[in-house]
Amino acid sequence: MKHLRPVNRKAQRIEESIVAAQPSTEEDVVALQQAPRPHVPMGCSLSFSPGWEVDGGGGTAGLCQPAERDIYDCYVTCFWPVQVPDHVNYSPDWASNCAVAAKDWRNLDLVFP
Amino acid sequence: MNTLRTGLAAFLLFLTGTHTAQAAAIFLGGYPNQLILFDEGSGTINQKVDLATGLPVSLQLSNDKKSLYVTTITTSGIEVFDLATKKITNSFSLNTPSTKYRFNGGVVDATGRYFYTVATRIDKQIDRYKIGKPQYVVVDLTQKKIVRSVDVDAEDSTFGYRSSFMLSEDGKTLYVFKDKILVLGTDDLKVVERLDLAKPDLSGMENVRFGGGVESMRSKREYVSLFNAADPYIHNKVFGIARLDLATRQFNFTPIGPAPESMAGLQITPDGKEGYTVVTQGKFGNKRCEFWRFDLTNNKVLAKQEFACRSRFEFGMSADGRKLYIYGASYNVEVFDAKTLKLEKDWDLGNDATMAGMVVVR
């Protein structure tokens with residue numbers, strides 16, 4: 001956690017020079033939560049918000065009603081990386097037989113990774 | 001006989017006049033790979049166009065309102081739909097087996113040849129995927145490939161997936177709207193100016209942010225939207241209407257009231273006198289949604305009306321400004337009367353709508 005914040009311009013220049021002096025980690029293998037920010041695998045989410053069973057508050061009131069309304073947008077944005085396929089890298093035709101998830105969800109394929 | 005001819009001519013003239021006044025057309029992206037053309041007047045689907053490049057994620061109307069530019073995510077494609085012939089006139093993908101691009105939306109220049117956006121390149125290497133830095137890219141729609149790319153500056157690299165883009169009328173300046181407005185020259189794609197909304201000089205406020213959702217721009221010179229701001233001392237958050245003159249880069253912010261939890265952007269009537277937004281208060285089970293109607297001449301709230309809203313939705317307006325649309329995260333569009341702010345009817349699109357938004361063309 002960073003506790004110091006530059007307030008004036010001289011402090012800002014000092015911080016910039018420190019950052020510039022640090023070796024680049026662009027080609028390094030880094031942990032996902034490593035600074036400067038989490039390296040989220042491209043197109044896939046590490047979060048389970050709102051989640052399949054519960055919403056971000058731990059309840060169900062925040063879920064789409066019915067839950068099938070949320071299937072496709074979460075599939076495309078990879079927001080439920082476990083519950084629905086990852087459209088970004090895999091399963092591009094998963095929804096090809098079903099245009100309306102709330103009505104035709106039975107036509108969706110099961111995908112086994 | 002003359003009476004009959006006159007009557008027949010008048011009847012034919014009446015029919016011609018009736019057919020001339022065509023209702024507006026609504027364009028939406030539909031799962032799994034369709035562009036939906038919806039007739040606003042009759043509330044029926046006119047046409048569904050299959051997109052060869054995949055799922056549509058953004059729709060961009062050309063300045064001359066003759067073409068619709070659709071970007072897709074499945075193969076990172078761009079498709080051009082001609083509004084007159086109702087056909088796809090150009091379709092291509094930027095992805096190759098070893099290289100993918102990720103981008104969302106963009107803006108096309110006045111010639112219709114160059115498409116500007118921000119993209120991330122992903123190269124599949126022998127043992128890993130190499131993810132590049134965000135880049136400003138220019139796509140040549142004739143050559144069907146990226147012809148120029150410039151790295152986004154490190155200080156601007158915190159791009160959200162959905163930034164908005166605008167081009168100046170002369171095509172020489174590109175505006176990118178995120179937490180700040182980036183002004184770039186199209187010749188070299190270098191940032192000329194940054195309108196840092198966190199420290200606006202004019203309003204004396206700090207932490208000015210764009211309101212969420214789709215912003216409206218009815219004039220090519222002016223960008224009008226809802227903004228949230230906080231004073232630099234107590235940090236009391238307020239919202240208001242802001243106008244940005246793209247030519248002079250003058251920023252004018254007029255506060256209206258305490259900032260609600262979230263707002264769905266601003267939709268402006270064709271005459272520019274009134275605006276609408278959806279305000280959300282509370283979360284989850286306590287969530288409440290309201291339509292707010294604004295007088296944009298005096299920057300005041302005229303009316304509010306609560307309505308039953310979805311957990312996730314998008315907000316749109318009809319071409320004549322008389323209807324408000326709530327759509328997204330489902331297959332239907334809820335139509336509300338703009339004056340009474342009451343629900344009138346429900347349109348079934350037959351497809352779940354994607355997050356490409358809605359384009360209404362008269």
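The values are calculated or read from the model by the stated rules, or taken from the named source; none is laboratory data. Everything numeric here is computed off the predicted structure, so don't read it as measured data. Here the Cβ positions follow ideal geometry from the backbone for every residue, glycine too, while neighbour counts run over all protein chains shown.
Numbers below:
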read-out	value
Residue ID - surrounded by the most Cβ atoms within 10 Å (Cβ to Cβ), chosen from residues in the stretch B:327-362 that are part of a loop (DSSP other than H, G, I, E, B) and under 19 Å from the mean Cα position of the chain (by Cα)	B:Asp352
So B:Thr53, is it within 14 Å of chain A (Cβ to nearest Cβ), modelled with pLDDT of 90 or more and touching a Pro at 6+ places or on another chain (Cβ under 6 Å)	no
Matching option when the condition is more than 24 Å from B:Lys48 (Cα to Cα), surrounded by fewer than 21 Cβ atoms within 10 Å (Cβ to Cβ) and modelled with pLDDT of 90 or more, among B:Arg288, B:Arg312	B:Arg288
Close pairs (8 angstrom Cβ cut-off, 6 or more residues apart or separate chains): under 15 Å from B:Leu184 (Cβ atoms) in the stretch B:141-156, part of a helix (DSSP H, G or I) and of a type in the set (Val, Ile, Thr) anywhere	none
Selected residue (criterion: farthest from the other protein chains (Cβ to nearest Cβ)) from residues of the stretch B:307-336 that are touching a Lys or Arg at 6+ places or on another chain (Cβ under 6 Å) and closer than 25 Å to B:Asn286 by Cα	B:Val335
Selection status of B:Asp187, under 23 Å from the mean Cα position of the chain (by Cα), among the acidic types (Asp, Glu) and either at pLDDT 90 or above or crowded, with 19+ Cβ neighbours inside 10 Å (or both)	no
Test for B:Asp320: is it more than 20 Å from the chain's Cα centre (by Cα) and under 17 Å from B:Phe38 (Cα atoms)	no
Qualifying residue in the stretch B:71-81 (condition: modelled with pLDDT of 90 or more, surrounded by fewer than 14 Cβ atoms within 10 Å (Cβ to Cβ) and part of a strand (DSSP E or B))	no
One residue from A:Gly62, A:Gly51, A:Gly57 being at pLDDT below 75, surrounded by 10 or more Cβ atoms within 10 Å (Cβ to Cβ) and assigned to a loop (DSSP other than H, G, I, E, B)	A:Gly51
Selection count where residues are within 11 Å of B:Gly29 (Cβ to Cβ) and within 14 Å of chain A (Cβ to nearest Cβ), scope the stretch B:65-84	3
Elements of type strands (runs of 3 or more DSSP E) in the stretch B:236-307, at least 2 residues being under 27 Å from B:Val335 (Cα atoms)	B:237-245, B:274-281, B:288-295, B:300-307
B:Thr96 touching a residue at least 40 places away in the same chain (Cβ under 8 Å) and part of a loop (DSSP other than H, G, I, E, B)	no
Matching option when the condition is within 14 Å of another protein chain (Cβ to nearest Cβ) and either closer than 24 Å to B:Asp348 by Cα or under 16 Å from the mean Cα position of the chain (by Cα) (or both), among B:Ser58, B:Ser62	B:Ser58
Cross-chain or 6+ apart pairs with Cβ under 6 Å, the stretch B:253-269 first and of a type in the set (Phe, Trp, Tyr), then crowded, with 18+ Cβ neighbours inside 10 Å and not in a strand (DSSP E or B)	B:Phe253/B:Ser203
